[in-house]
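Each remark here refers to the structure printed beneath this line.
The values are calculated or read from the model by the stated rules, or taken from the named source; none is laboratory data. Computed from a predicted structure; not experimentally measured. Heads up, the Cβs are rebuilt from the backbone with ideal geometry, glycines too, and the neighbour counts pull from every protein chain shown.
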Amino acid sequence: MSPTAQKYPLSMRILHWLRAAILLGTLLVGLLMVNLPDDATAKFETLYPNHKQFGVLALLLVLVQVALRLVFRGRLPGASIGLKAWENTLSKLAHKALYALMIIVPLMGYSMSSTFTQSDGVPFFFFGHLPELLPKNDGWFEIFQLLHRVLAYTLLGLIALHIAGALKHRFFDKNTDADVMKRML
């Protein structure tokens with residue numbers, strides 16, 4: 001592949017869609033659980049643990065994706081010739097922000113869980129619980145909680161922008177070279 005490659009490598013395309021599904025599911029579970037009353041049994045027994053472990057999984061997948069981007073550097077599709085310069089610039093900025101938030105949001109969630117005095121830790125499927133690297137401190141917990149929430153909503157907004165942009169270029173642009181979605185299919 002060259003910088004004029006038409007598609008991302010298969011491994012990156014599979015990882016993109018897998019990560020997208022896990023990330024959206026994790027965000028939606030997060031929205032659901034924080035809006036449930038505390039006496040809802042599923043909130044703390046099912047939703048919180050699954051939100052935490054799928055958040056860790058999403059973080060690991062984005063780190064693998066970043067590593068693959070480095071491995072395939074120079075062989076990935078370049079800027080789309082069908083997009084205007086401002087659209088390419090906005091796309092690059094949005095992707096950088098998406099990657100940053102896909103790393104920062106789970107780290108804030110982990111920090112939140114680590115510092116909360118009543119937390120039972122962060123489970124990770126059959127591996128058990130992740131080590132808590134931060135000391136218990138409810139003051140810090142409140143800061144991490146605020147950051148996790150605000151940045152998660154920001155991430156959700158950027159995901160919506162990403163999806164809207166891809167759909168616009170695929171279905172509404174007259175120039176078929178603007179269809180960037182075909183590079184991920």
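Which residues, taken from segment 117-131, are surrounded by 14 or more Cβ atoms within 10 Å (Cβ to Cβ) and under 22 Å from the mean Cα position of the chain (by Cα)?
Across segment 117-131, the qualifying residues are 121, 122, 123, 124, 129, 130.
Residues checked against (1) free of Cβ contacts under 8 Å to residues at least 60 places away in the same chain; (2) part of a helix (DSSP H, G or I):
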residue	(1), (2)
14	yes, yes
31	yes, yes
46	yes, yes
52	no, yes
68	yes, yes
74	no, no
92	yes, yes
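If you scan segment 99-115, which residues turn out to be more than 14 Å from residue 147 (Cα to Cα) and surrounded by 16 or more Cβ atoms within 10 Å (Cβ to Cβ)?
If we filter segment 99-115 for residues that are more than 14 Å from residue 147 (Cα to Cα), which is where we start, we get 99, 114.
The one that is more than 14 Å from residue 147 (Cα to Cα) and surrounded by 16 or more Cβ atoms within 10 Å (Cβ to Cβ): 114.
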Look through 151, 60, 90, 146 and report the one residue that is closer than 16 Å to residue 16 by Cβ and either at pLDDT below 95 or out of contact with any strand residue (DSSP E or B) (no Cβ under 8 Å at 6 or more places or on another chain) (or both).
60
What are the pairs with Cβ atoms under 7 angstrom where one residue, in segment 104-116, is on the phi < 0 side of the Ramachandran plot and the other, located anywhere, is part of a helix (DSSP H, G or I) and of a type in the set (S, T, N, Q)? Sequence gap at least six, or different chains.
112/145
Selection from segment 155-183 of residues among the acidic types (Asp, Glu) and either within 18 Å of residue 16 (Cα to Cα) or buried (at least 17 other Cβ atoms within 10 Å of the Cβ) (or both) yields 179
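This table checks each residue for (1) in a loop (DSSP other than H, G, I, E, B); (2) more than 23 Å from residue 143 (Cβ to Cβ); (3) not aliphatic (A, V, I, L, M).
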| residue | (1), (2), (3) |
| --- | --- |
| 80 | yes, yes, yes |
| 87 | no, yes, yes |
| 96 | no, yes, yes |
| 102 | no, no, no |
| 105 | no, no, no |
| 108 | no, no, no |
| 119 | yes, no, yes |
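Going by what's in this entry, would residue 96 be described as within 20 Å of residue 150 (Cβ to Cβ), charged (D, E, K, R) and exposed (fewer than 13 other Cβ atoms within 10 Å of the Cβ)? Quick ask: steps written out before the conclusion?
Working: within 20 Å of residue 150 (Cβ to Cβ): yes; charged (D, E, K, R): yes; exposed (fewer than 13 other Cβ atoms within 10 Å of the Cβ): yes.
So residue 96 fits the description; yes.
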Condition first: within 23 Å of residue 32 (Cα to Cα) and touching a residue at least 40 places away in the same chain (Cβ under 8 Å). Now tell me which residues in segment 117-146 satisfy that.
122, 123, 124, 125
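Out of curiosity, is residue 132 in a helix (DSSP H, G or I) and charged (D, E, K, R)? Show your work before the answer.
Details: in a helix (DSSP H, G or I): no; charged (D, E, K, R): yes.
No, not satisfied.
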